[in-house]
Amino acid sequence: QVQLVESGGGLVQTGGSLRLSCTASGSGFSIDTMGWYRHAPGKQRELVASITRVGGKSYADSVKGRFTISRDNAKATVYLQMNSLKPEDAATYYCNSLTNPTSWGQGTRDTVSS
């Protein structure tokens, strides 16, 4: 079974940047569409960005123009560059395959101070 490990979260001020990484172990990563999700307290988990195996990208309206998703298939890693962060971006961020979803990892927590 594919295992996912997220990293890169932390505390930043409003307007700051963070770069998240998600590394997958196991087979199938390179052919999967991968996504970054976030889960804030009291809210449902939401998909914020996705990327196909050939690099096609999609973003939620709330992050469009500020977040950039990318991937390195050779490293089985997907990234999320987050710029111009806002307090409402504070959440725990997870990655997962949209093609063949697997168990959720521990996520990486982002805190944005105002």
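The values are calculated or read from the model by the stated rules, or taken from the named source; none is laboratory data. This is a predicted model, so every value here is computed, not measured. Please note: Cβ atoms are built from the backbone with ideal geometry, for glycine as well, and neighbour counts cover all protein chains shown. These accessible areas exclude ligands, DNA and RNA; they are computed on the full protein's heavy atoms, side chains included. Shrake-Rupley method; radii C 1.70, N 1.55, O 1.52, S 1.80 Å.
The table below gives the values:
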| quantity | calculated |
| --- | --- |
| With DNA, RNA and ligands ignored, accessible area of T99 (1.4 Å probe; Å², nearest 10) | 70 |
| Amide H contacts under 5 Å for G9, placed H, 5+ residues apart | R109 |
| In Hz, Karplus ³J(HN,Hα) per residue of segment 72-79 (6.51, -1.76, 1.60; θ = phi - 60°; x = Gly, Pro) | 10, 5, 5, 9, 6, 10, 10, 10 |
| Lysines with Cα under 26 Å of K43, excluding same-chain neighbours fewer than 8 positions away | K57, K64, K86 |
| Among F29, H39, G55 the positive-end extreme of the charge dipole of segment 1-92 (Cβ point charges) | G55 |
| Quarter of the Cα convex hull surface for segment 1-46, i.e. its orientation-mean projected area (nm²) | 4.6 |
| Beta bridges by DSSP in the chain, antiparallel share as percent, to the nearest 5 | 90 |
| Additional length obtainable on full extension of the chain from Q44 to R19, 0.36 nm per residue less Cα span | 6.7 nm |
| Two-site label geometry, I31 and T111: point separation in nm, points 7 Å out along Cα→Cβ | 4.2 |
| Largest to smallest accessible area among K43, K86 [probe 1.4 Å] | K43, K86 |
| Dipole moment magnitude, nearest 20 debye, segment 1-85 about Cα centre, only Lys, Arg, Asp, Glu C-beta charged | 120 |
| Carbon and sulfur %, accessible surface of the chain computed with the full protein complex present, 1.4 Å | 47 |
| More than 25 Å apart - percent of Cα-Cα pairs taken over the chain | 15 |
| For segment 35-109, size of Cβ-based charge dipole, Lys and Arg +1, Asp and Glu -1, in debye | 80 |
